[in-house]
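Student: Mind looking over this structure? Questions follow.
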Amino acid sequence: MATEVQPGYEVGPAGFRSEEMILNMGPQHPSTHGVLRLVLVLDGETVVQCTPVIGYLHRGMEKIFENRPYMAGPRYIDNADYLSPMLNECCYAGAVEQLMGIEPPRRAQYIRVLVGELERIASHLVAIGTYGLDLGAFTPVLWCFRDREQILDMFESLSGHRFTHNYMRVGGVLYDFPKGWLEQCEKFLDKFEKTSIPELEELLTGNEIFEARTQGVGYIDPQQALAYALTGPVARASGVPFDVRVNRPYGAYREIPVNIKLRQDGDCFARYKVRMDEMGESVRLCRTVLDKLPGGPISVRSPIALRPPRGETYFSVESARGEESLYMISDGSEYPYRAKLRAPSFVNLQVLPELLRGHKIGDVIAILGSIDIVLGDVDR
Amino acid sequence: MNDVVQNIIHFFVTFLFSLLFLMGAATILVYLERKVMAWMQDRYGPLHVGPHGALQTVMDVAKLLLKEDLKVSSADNPVYKFAPMVFFAPVITAFVVIPFSPYMTAGALSTGLIYYVALSSIDVIGVFMAGWGSNNKYALIGGLRSTAQMISYELPLILSLVGVIMLTSVLAPGCTGPNPDLNTCGVGSISFTQIVAAQMRPESPWLWFVLLQPLGLVVYYICGLAETNRSPFDLPEAESELVAGYLTEYSGLRWAMFFLGEYGNMTIVSAVATAIFLGGWSFPGAAIGFWTDHLGSFGGQLVFNIICVAVFLAKMFALLLVFIWVRSTLPRLRADQLMRFAWLYLIPLTLVNILVTGALLLFIPPNTLVQGDVLRIAVSAVVNWGMLVFVILSFRRLAGLTSKGKLPRWVRPAKGPVTVVTPAAQSQTPPTAQTPELAAGAGAARK
């Protein structure tokens, strides 16, 4: 048997040589969370090398911004990170306001915090639910979506849309709360805190198999997290105390203190647990907003055609996945000269190849799910 | 001559019953699973086809029968086409030995347990053929995984039944009286009918082996989950990792054969557990004399057998519900954890169980108390329950499943706090009206 031996491949006693297998995971795959493609080089079940291939969902979002007036931006940025549109809109509206030097009224800022934190809960629910599904637990995802549905219902009655809300405006928000909305919100928060979070904790956190699958898997060093510019729950699970709401507070976060949820373990379990803890913190923040909600107008009077002065700005918010920022250049016209979105999923995804090396196929899914990417955000 | 005819009729009735029952039970089980899981997950499940969606699975099967028989052009043709049959045939065949009632069983097989175990291990060949013949990488990984898994879990599955067989050696008829019959005593039985009979002797009608060997049932059931590729051991077809594992390239009827075979396997595992651990068809008043006295010989037999079948099925479906319950609760293990669990945890556990059971039966003398082996049986039951409780309490540590509290060395976080240098607040002007306590709160946040 004539076999050409490549360096690194061993020839067994029977003359066979073992070869690595290349496995294309995605873009059509149940748990790549969208259209991500991972080219895995496998040695048996062990990952030798991983190359993520992105761009299947690229819509040229930043170019779209340049071709639309500032007014039209929120509707498009909704689709960037499609699991937390409200937070994206906060980012866009905040950037344009900073560019124009407008300060939205206090009530609008508080409303933004309220809907933003609700959106964070909704987004983390999807993250945790689908993470359970990735690991083979079928029930958590349905319970999570059940609770998320209530948040989306509230958003629908507030903005008219379940999903792409188009609710923020430059200088404020579009609508005030409809009648009974705040009571509904309070009722949801009570129920969510009292039953839903403990249910999830019971189903996943204490589960031996879940712990075995996640603890010690996909460890990110704090220095590594800084080097890769990881943000959000991924970085906070590695012990990096960075949260835009605390370190560079914006809007009403300057008045409402946020407790950073930190964990030192840096593994998949820590990332999951940080998300769980952040949901509790978001409930607390929502309650604070409901207590202190000021009166007054919900929007400043701004011209229909927004023409910010020439200049550039960089504005970031803490999205559910990390620091989401918008860099904008205005040339004084109705259209942005340049808009660049710093997408947290995109940045967080870069650490994946380094994390996967040496793990098993099952861990690929566990690690990818724990980073919690949204492909709309990665590809923009 | 009359005996031969009777035997043939007996065999055909049982075989047809098994075949139809398998299809029926699998269909019902699929519906049951979808419905029960839906209830557990706050949703409705099938609703529209038939009353409460009861005909949904029937329609699904009909759809699968009518689908085009797709084949991958690069597949290994004979292996690919033969695999579903290799998987499905042992499932039907294994069903023959299950004793549903005193009449409905192939009594000729006195080696029922071995027969069942042997047939259930043929399945793995079908799965591996499917994985290999599909010429698909996901299918290949799934097939290899399932080969490793099913062979590994075969061992503790058999070993967990040994404890029961040892107990039947003591409980065999003629063994417990004052003058033990040495021909049957001390041997133990691997015939399903005799194991069922041992659990319902007149002097101890409720002596189900689950009371004497609860650990055996638990281990058997865990291995049954793994044998049938059910959650949390559903790695061969792990949806989120391997798309559909060895089933990836199958569709239509061939896929349906795997599907029904899998649910048939679950049914068999539950039926065997029912027969061996839950007393089979025994129920309160399980005495044929009562019925023949009231309804005559034929009528009494008929009614009695129908009731027995119903009781057996009720127990079996109760066990099947546990399958569903487990599936909707637990996540999936990783391949290496799965193997470690079988070899380093379950097999030693079953060996210890056999050792302890045997030692108790050996060292505690028979006939210590007035009637039979009360002492021996009671002590071994208590010890086994104690072992079960110990195993459950020390599960984490024994199974080595979790590294809670002691992460591996290379996973420990770096020493010293991490500091992030960031600019101060963003360049917006602060809100106009600020109350003093709010300002204090904001200060606390920045700190």
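The values are calculated or read from the model by the stated rules, or taken from the named source; none is laboratory data. Not measured: the values here are computed from a predicted model. Ideal geometry is used to build each Cβ from the backbone, glycine not excepted, and the neighbour counts take in all protein chains shown.
Student: Name the one entry in B:SER73, B:SER18 that is over 17 Å from B:LEU320 (Cα atoms) and in contact with a Phe, Trp or Tyr (Cβ under 6 Å, 6 or more places away or on another chain).
Tutor: Just a single option satisfies the conditions, and that option is B:SER18.
Student: In region A:230-254, which residues are of a type outside the set (A, V, I, L, M, F, W, C), within 9 Å of chain B (Cβ to nearest Cβ) and either within 26 Å of A:GLU354 (Cα to Cα) or in contact (Cβ under 8 Å) with a residue 24 or more places away in the chain (or both)?
Tutor: A:SER238, A:GLY239, A:PRO241, A:ARG245, A:ARG248, A:TYR250, A:GLY251, A:TYR253, listed by residue number.
Student: Select from region B:32-64 the residues that are in contact (Cβ under 8 Å) with a residue 40 or more places away in the chain, within 24 Å of A:PHE138 (Cα to Cα) and away from chain A (no Cβ under 14 Å) and list them in ascending order.
Tutor: Of everything in region B:32-64, those that are in contact (Cβ under 8 Å) with a residue 40 or more places away in the chain, within 24 Å of A:PHE138 (Cα to Cα) and away from chain A (no Cβ under 14 Å) turn out to be B:LEU32, B:VAL61.
Student: With the structure loaded, tell me whether A:TYR272 is under 22 Å from A:ILE365 (Cα atoms), within 12 Å of chain B (Cβ to nearest Cβ) and at pLDDT 90 or above or whether it fails that test.
Tutor: yes
Student: Sticking with this one: Out of region A:357-380, which residues are aliphatic (A, V, I, L, M), under 22 Å from A:GLU211 (Cα atoms) and away from chain B (no Cβ under 13 Å)?
Tutor: A:ILE371, A:ILE373, listed by residue number.
Student: Among the residues of region A:58-83, count how many are of a type in the set (A, V, I, L, M, F, W, C) and without any contact (Cβ under 8 Å) to a residue 12 or more places away in the chain.
Tutor: So the answer is 1.
Student: Let me ask you something else. Could you check A:GLN223 against (1) surrounded by fewer than 21 Cβ atoms within 10 Å (Cβ to Cβ); (2) at the interface with chain B (Cβ under 7 Å from one of its Cβ atoms); (3) more than 15 Å from A:GLY322 (Cα to Cα); (4) touching a residue at least 12 places away in the same chain (Cβ under 8 Å) and say which number it fails?
Tutor: Status for A:GLN223: all satisfied but (4).
Student: Can you tell me which of (1) within 11 Å of chain B (Cβ to nearest Cβ); (2) free of Cβ contacts under 8 Å to residues at least 12 places away in the same chain is the one A:ILE102 doesn't meet?
Tutor: (2)
Student: For A:SER316, state whether it is touching a Ser or Thr at 6+ places or on another chain (Cβ under 6 Å) and outside any loop (DSSP other than H, G, I, E, B).
Tutor: The answer is yes for A:SER316.
Student: Now for a separate question. Assess whether A:GLY55 counts as being out of contact with any Gly (no Cβ under 7 Å at 6 or more places or on another chain) and within 14 Å of chain B (Cβ to nearest Cβ).
Tutor: For A:GLY55, the condition - out of contact with any Gly (no Cβ under 7 Å at 6 or more places or on another chain) and within 14 Å of chain B (Cβ to nearest Cβ) - is not met.
Student: Any chance region B:329-352 includes a residue that's of a type in the set (A, V, I, L, M) and outside any helix (DSSP H, G or I)?
Tutor: So far as region B:329-352 goes, yes, one or more of its residues are of a type in the set (A, V, I, L, M) and outside any helix (DSSP H, G or I).
Student: I need a count of the residues in region A:26-43 that are at the interface with another protein chain (Cβ under 9 Å from one of its Cβ atoms) and of a type outside the set (S, T, N, Q).
Tutor: Final tally of qualifying residues: 3.
Student: Looking at the structure I just gave you, is A:ARG271 of a type outside the set (Asp, Glu) and closer than 20 Å to A:ILE111 by Cβ?
Tutor: In short, no.
Student: Identify all residues within region B:238-261 that are charged (D, E, K, R), within 22 Å of B:ALA89 (Cβ to Cβ) and crowded, with 24+ Cβ neighbours inside 10 Å; write none if there are none.
Tutor: Passing the criteria: only B:ARG254.
Student: Okay, moving on. Being modelled with pLDDT of 85 or more, of a type in the set (D, E, K, R) and out of contact with any Lys or Arg (no Cβ under 9 Å at 6 or more places or on another chain) is the filter here, so list the residues in region A:22-77 that pass it.
Tutor: Of everything in region A:22-77, those that are modelled with pLDDT of 85 or more, of a type in the set (D, E, K, R) and out of contact with any Lys or Arg (no Cβ under 9 Å at 6 or more places or on another chain) turn out to be A:ARG37, A:LYS63.
Student: Say whether the condition of being out of contact with any Gly (no Cβ under 6 Å at 6 or more places or on another chain), under 28 Å from A:LEU356 (Cα atoms) and among the basic types (Lys, Arg) is met by at least one residue in region A:138-157.
Tutor: no
Student: Here's a follow-up. Do the conditions hold for A:VAL41, that is, is it without any contact (Cβ under 8 Å) to a residue 40 or more places away in the chain, within 30 Å of B:ALA335 (Cα to Cα) and surrounded by fewer than 18 Cβ atoms within 10 Å (Cβ to Cβ)?
Tutor: yes
Student: Hey, another quick one. Collect the residues in region A:109-149 that are under 28 Å from A:GLY296 (Cβ atoms), more than 11 Å from chain B (Cβ to nearest Cβ) and touching a residue at least 40 places away in the same chain (Cβ under 8 Å), keeping them in residue-number order.
Tutor: A:ILE111, A:ARG112, A:VAL113, A:LEU114, A:VAL115, A:GLY116, A:GLU117, A:LEU118, A:GLU119, A:ARG120, A:ILE121
Student: Return the total of residues in region A:270-309 being free of Cβ contacts under 8 Å to residues at least 60 places away in the same chain and part of a helix (DSSP H, G or I).
Tutor: Residues that pass the stated criteria total 7.
Student: Looking only at region A:69-109, count how many residues are surrounded by fewer than 24 Cβ atoms within 10 Å (Cβ to Cβ) and either closer than 21 Å to A:LEU125 by Cβ or of a type in the set (Phe, Trp, Tyr) (or both).
Tutor: Final tally of qualifying residues: 4.
Let's see how each residue does on (1) more than 23 Å from A:SER370 (Cβ to Cβ); (2) touching an Asp or Glu at 6+ places or on another chain (Cβ under 6 Å):
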| site | (1), (2) |
| --- | --- |
| A:GLU278 | no, no |
| A:GLU281 | no, no |
| A:ASP291 | yes, no |
| A:PRO294 | yes, no |
| A:LEU306 | yes, no |
| A:PHE315 | yes, no |
| A:GLU318 | no, yes |
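Student: Now for a different question. Taking only region B:111-154 into account, find how many residues are surrounded by fewer than 20 Cβ atoms within 10 Å (Cβ to Cβ) and among the basic types (Lys, Arg).
Tutor: Summing the residues that are surrounded by fewer than 20 Cβ atoms within 10 Å (Cβ to Cβ) and among the basic types (Lys, Arg) in region B:111-154 gives 1.
Student: Looking at B:LEU157, is it at pLDDT 85 or above, in a helix (DSSP H, G or I) and more than 30 Å from B:LYS71 (Cβ to Cβ)?
Tutor: Criteria met by B:LEU157.
Student: If you don't mind, another one. Tell me whether region B:215-223 contains one or more residues that are aliphatic (A, V, I, L, M), closer than 30 Å to B:LEU360 by Cα, part of a helix (DSSP H, G or I) and within 14 Å of chain A (Cβ to nearest Cβ).
Tutor: Yes, there is a match, as at least one residue in region B:215-223 is aliphatic (A, V, I, L, M), closer than 30 Å to B:LEU360 by Cα, part of a helix (DSSP H, G or I) and within 14 Å of chain A (Cβ to nearest Cβ).
Student: Also, quick follow-up: Which ones in region A:256-268 are within 9 Å of chain B (Cβ to nearest Cβ) and part of a helix (DSSP H, G or I)?
Tutor: Result: no residue meets the conditions.
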